[in-house]
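Colleague: I have a structure I would like to understand better, so I am pasting it below and will then ask my questions one at a time.
Read-outs: derived from the displayed coordinates by stated rules, not from any lab. Nothing here was measured: the structure is a model prediction, and the numbers come from that model. With ideal geometry, Cβ positions are generated from the backbone for all residues, glycine too; neighbour counts draw on all protein chains shown.
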Amino acid sequence: MSFRWETIAGLLGVGLVAWGHYNGLFVAPPEAMMGDVGRILYVHVPTAWVGLTTYLLAFIAAIGALWTGKVGWDALVEASVEVGVVLNGLLLFQGSIWAKPTWGVYWTWDPRLTTSAVMVVAFGAIVVLRRMIDQPSRRLTLSAVATIVAFVNVPITYMSVKWWKTLHQNFSSPETVSSTMVTPLRVAAFGMLFLMVWMVTTRWRIGVKRLGEEAAAADMPAPPSPLSLGGEE
Amino acid sequence: MRQTLAIFRKDLLIEWRTASRTVALMSFAFIVLLILSFAIGAESSALQLHAAAYIWIAVLLSSTLLLDRSFRVEVEAGALHSLLLGPVRPAALFFGKALANFVQLLFLGTITIPLVIVLCDATFQGQVWVMAVALILGTAGLAAPGTLYAAMIARLQGRQLMLPLLLFPLIVPVLVAAVKATSLAMLGDPMNQAEAWLVLLLCFNLIYWCLAGVLFGRVIES
Amino acid sequence: MEAVVQTRDLACRYGARWALARVDLEIGAQERVLIVGPNGCGKTTLLRILATLEPPSRGSLTLFGADPSTNALEARRRLALLGHAPGVYEDLSAAENLRVLADCAGRPVPDVDAALRIAGLENRPDPVRRLSAGMRRRLALAVLWIQQPDLALLDEPFAQLDPGGIARVGEAIRNLPGAVVFASHQVRHAALLCDRAILLDEGQIRWSGAADQAEDAWRALHIERGQL
């Protein structure tokens, strides 16, 4: 099997995530208010950042797809939306298992969790939509349009839900997180990013191959022999 | 512009002609309200507290039927091709249809208010103008992306399933803001929060009417 | 005479199947061209591509001297298509349909009344849903007529009509200004209305020549296939 650059990204990702998680689980101090439960931070926050980045990638790919109409961009839309939905799903799952010991319930209507839920449905619908369309050009156009609209909707949804109810942690940035926790967090975040790059690229290659096969010219039939009208002259 | 008006008038004319379908839609909204009332229970305070939500749930569910029908009319006997070859500019087609859908949704929303007042014993302790603006901006906010997505799925198999799936996640902001604003209008607004929600609705409308208008051309040609 | 339609090596693919291949066509400003061929040979696809409703997968298309993919509206202003579907709103009457479409196309109101008279539908206020197939076809032709196209594309205009209907439609086609491209199974009737004809078979042009020879070509194809 030929060497692929994204394998490096994947390996790097696994390595960084492993280091970050090890550090986060065993070395870094427990979170001031949440105790050990707060260690999920090292998994949850990177998943959130990288998930959003993946959707951003999908948005850019969608614009590219509409602009150029090329299969490569379409495959990238497909790959990044799918990986984004997976990460998004993970995020919701992680959020729920954290919420139970912290707030006593699996679900709360805080802005980020709610926006996440909306996003997973919106982008999941795009995956479903792609499955329903046979014609390649229509599939490209419609899924690209849906991706653009879904992404534009993310900040709007977030703002509206935030105004509606606020419960979540303050936005995690290095200033609000103590310095001993910043490093494993950053490491885990980059690790996650590399993993995402690996996943998207691998999925993209599959997509390009499959869409390419679809688009590949079946041979045009041979030119027909001329028709003789017979008895006419 | 002329084309937008022509299409706007045409859509409303068709709805006027098929008044039985419009009545069916209104009945649907009414049934939704009834079912919600039964499900929540006859206890008056719960009904009254959430009256705003009921209005918007009824409007939202009815919008699926309305939007789907808006494009079925085009595809049914191939009229869409006649329009495209008119030639009608895609933007004109979008705005004409979206405005027609907006007007119909607004009408639908307006008639649910008296129904809700009766069924839920709702009152207006806040400002009525807030209610009116919320209704206008909320239905407009549903109409724009709704028309875009209805066009997208018009020629798809199994399309009736896809419209809610695609549309509902997008209009969550509209739902949240419209219900809040309506609720404040009905139950009173001591801290004057209504304006913030109306501003959100306005922004959503500005963004989506532009975005959908731009993207519609690509969708309709595909 | 400037060519109204010019295609070079036009091809169209649906999945693995080539619906059209190697189609070279040139149609002048007042020419009437008949397309004959068995079912599924690509007549409808060709007409839809000429109408700019579908893009070709390969090859070039020039309409009125320009490439329609860059500016479809310009080309559409000058052409009209009579497709399988009547292209009207079932719930509106004939008159209302014409008024809406004329409005969109920017045609003056008197044209609508004239079109109604030509179609013989001025006394039918019912919605199109209640009209017969023949009347719908006449309405669709009226829609076409209102656009005064420089290029009229007709897909099986005689389908489902009785002899009276066929005669009326034939008359309407005779009165069309501009170039006419017309696909039909009714080879004999259609050939009388056209200058030349082409025979499409499985997406490719097998024969082209004078319209009066179209029937012979049609027969020759069936003989070749062992169907006659």
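Colleague: Roughly what % antiparallel, to the nearest 5, for the DSSP beta bridges in the protein assembly as shown?
Modeller: 55 percent
Colleague: OK, next. I want the antiparallel fraction of DSSP beta bridges within chain C, as a percent rounded to 5.
Modeller: 55 percent
Colleague: Taking only DSSP H segments of four or more residues, each worth -39500 (n - 2.57), what value at 222 nm results for the protein assembly as shown once the sum is divided by all its residues, to the nearest 500 deg cm²/dmol?
Modeller: Result for the protein assembly as shown, helices only: -22000 deg cm²/dmol.
Colleague: Take the alpha-carbon centre of the stretch B:1-39, take the same for the stretch C:130-145, and report the distance between them in whole Å.
Modeller: 28 Å
Colleague: Work out from phi, with θ = phi - 60° and the Karplus expression 6.51 cos²θ - 1.76 cosθ + 1.60, the ³J(HN,Hα) of each residue of the stretch B:61-67, listed in order in whole Hz, and give x for Gly and Pro.
Modeller: 5, 5, 4, 4, 5, 5, 5
Colleague: Moving on. What list of ³J(HN,Hα) couplings, whole Hz, do you get for the stretch C:110-117 from phi and the Karplus terms 6.51, -1.76, 1.60, once you set θ to phi - 60° and write x for glycine and proline?
Modeller: x, 4, 5, 5, 4, 4, 4, 5
Colleague: Additional query: Mind jotting down the distance between the C-alpha centroids of the stretch B:127-162 and the stretch B:94-122, whole Å?
Modeller: 11 Å
Colleague: May I ask for the percentage of alpha-carbon pairs in chain C that lie more than 23 Å from each other?
Modeller: So the portion of pairs separated by more than 23 Å is 48 percent.
Colleague: What whole number of Å gives the distance from the Cα centroid of the stretch A:76-150 to the Cα centroid of the stretch B:178-222?
Modeller: Taking the Cα centre of the stretch A:76-150 as reference, the centre of the stretch B:178-222 is 22 Å away.
Colleague: Using only C-alpha atoms and all pairs of different ones, pull out the Kirkwood radius for the stretch B:2-221 in Å with one decimal.
Modeller: Across the stretch B:2-221, the inverse of the average 1/r is 17.8 Å.
Colleague: Assign unit charges at the C-beta atoms only (+1 for Lys and Arg, -1 for Asp and Glu), then state the dipole size of chain C relative to its Cα centre in Debye, rounded to the nearest 20.
Modeller: 340 debye
Colleague: Moving to a separate point now. In whole percent, what relative contact order does the stretch B:1-133 give with Cα contacts below 8 Å and a gap of six or more residues?
Modeller: 44 percent
Colleague: In nm, give the distance between the simple-model label positions of B:Thr110 and A:Arg210, each being 7 Å from the Cα along the Cα-to-Cβ direction.
Modeller: 4.9 nm
Colleague: Remind me, relative contact order of the stretch B:2-221 in percent, using alpha carbon pairs under 8 angstrom and six or more residues apart?
Modeller: Worked out over the stretch B:2-221, it gives 27 percent.
Colleague: Exceeding 32 Å between C-alpha atoms, which entries from my cross-link table qualify? They are A:Lys70/A:Lys162; A:Lys100/A:Lys162; B:Lys97/B:Lys180; A:Lys70/C:Lys43.
Modeller: Violating the 32 Å Cα-Cα cut-off are A:Lys70/A:Lys162.
Colleague: For C:Asp126 and C:Leu192, what is the calculated FRET efficiency with R₀ set at 22 Å and r taken between the beta-carbons, to the nearest 0.05?
Modeller: The value I calculate is 0.10.
Colleague: Any chance you could give the angle, 0 to 90 degrees and rounded to 10, that helix C:163-174 forms with the longest Cα principal axis of chain C?
Modeller: 80 degrees
Colleague: Over chain C, calculate the relative contact order: mean separation of alpha carbon pairs under 8 Å at least 6 apart, over the residue count, as a percent.
Modeller: Here the relative contact order equals 27 percent.
Colleague: For the protein assembly as shown, build the charge dipole from Cβ charges (+1 Lys, Arg; -1 Asp, Glu) around the Cα centre, then report which of B:Leu67, B:Pro87, B:Leu34 sits farthest towards its positive end.
Modeller: Projecting each Cα onto the dipole axis, the largest value belongs to B:Leu34.
Colleague: Semi-axes of the stretch B:44-161's equivalent ellipsoid from the Cα gyration tensor, sqrt of 5 times each eigenvalue, largest first, rounded to whole Å?
Modeller: They are 34, 15, 9 Å, listed largest first.
Colleague: Right, something else. Running a GNM on chain B with Cα contacts under 10 Å, which residue among B:Val116, B:Val174, B:Val73 ends up with the highest mean-square fluctuation?
Modeller: B:Val73
Colleague: Just the Cα atoms of the protein assembly as shown, one point each, no solvent: what log10 I(q)/I(0) does Debye give at q = 0.10 Å⁻¹?
Modeller: Calculated log10 I(q)/I(0) at the listed q: -1.03.
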